[in-house]
Amino acid sequence: MATTTKLRPRALVRASGGPRYAVALAVDALGTGLLRPFLLLYGVTVLRLSAPVTGIAMTVAVVAGLACMPAVGRWLDRGARSTVVAASMLVRVLGVTLLLATPAKNVWLFAAAALFLGIGNQAWPAAHAALVATVAHGRERDAALAGGRALRNAGLGVGALIATVCLAGGTTALQVLAAVTGLAYLAAAALAWSVHLHAHPADTPAGDGDGDGGPAPRMRALLAANVVYVFCLNVPEIALPLVLVTQLHASPVWSAALFVANTVLVVTLQVPVTVLMSRFSRQNVLALAGVVLTASYLGFLVATSLGHGWGAPAVAVVSVVCTLGEIVYAGSATALVTVLAPAHVLGRALARFELSTGLGLAVSPAVITALAPHGPAALWGSLATATLLSAVVVAH
């Protein structure tokens with residue numbers, strides 16, 4: 001059984017890569033929040049593309065962006081750390097530049113811009129996790145990874161809020177937001193590169209000796225389970241708005257409120273919950289996350305059966321449980337990968353993990369929207385069953 005980590009803000013910043021790197025993360029997240037939620041809107045209103053064409057271009061770009069992950073993994077395994085993080089930010093600068101240069105009705109340039117943005121978004125998590133794994137060890141690493149996630153969610157939330165206010169300016173405002181996003185990525189890349197962190201994986205022993213104990217799940221099993229676990233990240237953004245509006249006929253305000261509540265809970269609780277869970281093995285914590293998510297999906301099944309009136313408030317209550325499951329999952333999954341992988345293949349292991357995450361995020365909207373019309377039992381029952389099976393796989 002592991003020793004519980006104490007929560008010390010200065011130590012947390014140091015374990016996360018230092019003050020300059022923390023500022024880089026905040027600036028990068030703020031810039032991402034300004035544009036990413038409104039990229040579809042940019043394609044439709046500024047470039048005058050149809051919504052289906054814009055959506056298809058974005059989806060194809062995100063999936064194609066996953067193809068860069070093997071190369072990112074090999075680069076990390078050669079010892080690169082802050083350089084890869086900076087590169088993931090710089091490639092998005094190129095994406096924003098292409099976006100601003102795209103003429104109206106040109107879907108190919110828009111798709112190219114979305115591709116470069118997608119490559120940066122896919123490469124960043126693995127590069128960031130590898131950097132933190134090099135700086136921090138043991139349970140301090142878990143807290144640092146959790147702190148990075150909380151900081152990123154805060155930046156995304158603030159950026160999205162600023163962008164929402166600015167949208168009153170129409171197409172010009174969207175173009176200005178894109179330009180500011182590009183400048184934010186450039187500044188973040190310069191800050192991240194200035195950390196000058198490089199690892200020597202061959203000289204580092206495998207594992208971090210934190211006393212997890214017990215048989216570790218095989219990486220293939222963990223990656224397969226992660227594809228299902230990651231569906232929880234799209235529940236607040238896709239599943240709940242779909243259910244609330246189309247099945248419960250609730251006001252769209254409910255969906256917005258639940259999304260904001262999810263963001264606030266992640267920002268405030270990600271680090272404390274991760275620290276609290278540090279007394280247990282990461283494997284058991286990840287399995288527990290699956291059980292909590294399963295319970296929340298069954299809760300949504302019950303809540304939606306209440307119909308119009310009580311249904312929406314009940315969904316709001318259950319969404320808190322779902323967010324707690326998401327927090328426990330996010331605080332243990334990446335940390336478990338960093339422990340399971342020998343140091344000389346850490347980059348490739350994190351790249352494969354990000355591939356499984358990207359795959360889950362790519363297919364989950366299609367799966368959720370395909371199951372929802374068949375009723376609550378089809379949607380929530382299927383998610384509950386798949387997640388519980390994944391938790392069993394992780395536990396064994």
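Between L131, L25, L276, the residue with the greatest mean-square fluctuation in the GNM of the chain (Cα pairs under 10 Å linked by springs) is L276. Across region 323-370, Cα-Cα distances exceeding 18 Å account for 43% of all pairs. Can you tell me how region 14-78 classifies by the Cα gyration tensor, rounded, prolate or oblate, using a/c under 1.5 as the rounded cut? In terms of gyration-tensor shape, oblate. Computed over the alpha carbons of the chain, Rg followed by Dmax gives 20.4, 62 Å.
Panel values: region 127-184, Kirkwood radius from alpha carbon pairs, Stokes-Einstein at 10 °C and 1.306 mPa s, translational diffusion coefficient 118 µm²/s. How much of the calculated P(r) for region 272-396 lies past 25 Å, in percent of all Cα pairs? The share of Cα pairs beyond 25 Å in region 272-396 comes to 31 percent. In summary, the convex hull built on the alpha carbon positions of region 24-148 has an orientation-averaged projected area of 7.7 nm². Restricting the calculation to Cα atoms, region 158-204 yields a radius of gyration followed by a Dmax of 17.3, 55 Å. For region 265-330, the convex hull drawn through the C-alpha positions has a volume of 66 cubic angstrom per residue.
Full extension of the segment from V107 to V63, taken as 0.36 nm per residue of separation minus the current Cα-Cα distance, would add 14.2 nm.
Each principal axis of the Cα cloud of region 44-98 was taken in turn, and the coordinate range along them, longest first, works out to 44, 20, 10 Å.
Given contacts defined as C-alpha pairs under 8 Å and at least six residues apart, what's the relative contact order of region 233-344, whole-number percent?
About 33 percent, as a whole number.
Panel note: the C-alpha atoms of region 84-144, placed on their principal axes, show extents of 51, 14, 12 Å (largest first).
Can you put C166, C68 in order of accessible area, largest first, using a 1.4 Å probe?
Details: C166 55, C68 25 Å².
Correct descending sequence by accessible area is C166, C68.
The values are calculated or read from the model by the stated rules, or taken from the named source; none is laboratory data. What you see is a predicted model; the values in this text were computed from it and never measured. The accessibility values were calculated without ligands, DNA or RNA, using every heavy atom of the protein model including side chains. Shrake-Rupley method; radii C 1.70, N 1.55, O 1.52, S 1.80 Å.
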